[in-house]
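Undergrad: Before I ask anything, let me first share the structure, which is written out below as structure tokens.
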Amino acid sequence: MNRMILGVFCALMLVGLGLFWMQGRAQVEQGAPPPEATAEAAPVDPDALPIADAADLTGPAPPEASELTREQRRFFRYDRNRDLKITRNEMLSTRSDAFRRLDKDGNNLLTFEEWAVTTSDRFAEMDGNEDNELTQAEFATSAPKPRSTSSARCNC
């Protein structure tokens with residue numbers, strides 16, 4: 001009990017110390033002297049926007065992104081720790097969630113009945129008119145959903 005009280009007290013002290021330190025830094029930055037004006041410089045209007053001649057300026061070159069091949073992307077989906085080797089556990093880790101969904105009784109043994117029930121249920125979901133036959137339109141409902149593209153890509 002005493003350790004818990006001491007731990008809470010120390011945590012509160014550290015938070016308070018951090019707040020005082022942040023406020024002190026803000027006051028120092030706020031009280032910084034303005035830049036010295038040279039004799040050649042015209043008076044500065046505080047409401048005017050800064051003007052720069054960007055014709056002679058050059059920035060650093062943008063980083064080049066290496067385009068991974070399809071096989072490299074597939075490899076890195078399994079190589080979780082990026083050591084360029086796929087261990088057995090890394091290979092099986094992507095399959096374990098699908099296995100657990102099929103293993104209804106949770107005994108880590110997938111019986112034919114468990115697989116058949118899942119497959120039958122999936123067929124029933126696709127069979128919209130319940131005639132025990134799938135048309136092309138009904139079968140198309142089982143297609144995997146397309147992956148959403150990253151919002152970081154520019155569609156310029």
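Undergrad: Anything in the stretch 77-95 that is assigned to a helix (DSSP H, G or I) and surrounded by 10 or more Cβ atoms within 10 Å (Cβ to Cβ)? List them, or say none. Quick ask: steps written out before the conclusion?
TA: If we filter the stretch 77-95 for residues that are assigned to a helix (DSSP H, G or I), which is where we start, we get 77-78, 88-95.
Result: R77, Y78, E90, M91, L92, S93, T94.
Undergrad: How many residues, within the stretch 101-114, are part of a helix (DSSP H, G or I), surrounded by 12 or more Cβ atoms within 10 Å (Cβ to Cβ) and under 33 Å from the mean Cα position of the chain (by Cα)? Give the steps one after another, and end with the answer.
TA: Within the stretch 101-114, the subset part of a helix (DSSP H, G or I) is 101-102, 112-114.
Now narrow it down to the ones that are surrounded by 12 or more Cβ atoms within 10 Å (Cβ to Cβ): 102, 114.
Cutting the leftovers down to under 33 Å from the mean Cα position of the chain (by Cα) gives us 102.
Of the residues in that region, 1 qualify.
Undergrad: Oh, and also: Could you count how many residues in the stretch 116-128 are in a helix (DSSP H, G or I), loosely packed, with under 13 Cβ neighbours inside 10 Å and either modelled with pLDDT under 85 or within 35 Å of the chain's Cα centre (by Cα) (or both)?
TA: Here is the first cut: in the stretch 116-128, the ones in a helix (DSSP H, G or I) are 116-126.
Next, from what is left, pick out any that are loosely packed, with under 13 Cβ neighbours inside 10 Å: 116, 119-122, 124-125.
Still in the running and either modelled with pLDDT under 85 or within 35 Å of the chain's Cα centre (by Cα) (or both): 119, 121-122, 125.
Count: 4.
Undergrad: Taking the stated definitions as given, is E67 modelled with pLDDT of 80 or more, part of a loop (DSSP other than H, G, I, E, B), exposed (fewer than 10 other Cβ atoms within 10 Å of the Cβ) and under 21 Å from the mean Cα position of the chain (by Cα)? Quick ask: steps written out before the conclusion?
TA: Numbers: modelled with pLDDT of 80 or more: yes; part of a loop (DSSP other than H, G, I, E, B): yes; exposed (fewer than 10 other Cβ atoms within 10 Å of the Cβ): yes; under 21 Å from the mean Cα position of the chain (by Cα): yes.
For E67, the condition - modelled with pLDDT of 80 or more, part of a loop (DSSP other than H, G, I, E, B), exposed (fewer than 10 other Cβ atoms within 10 Å of the Cβ) and under 21 Å from the mean Cα position of the chain (by Cα) - is met.
The values are calculated or read from the model by the stated rules, or taken from the named source; none is laboratory data. Just so you know, these numbers come straight off a predicted model, no measurement behind them. FYI the Cβ positions are ideal-geometry reconstructions off the backbone, even for glycines, and counts take in every protein chain you see.
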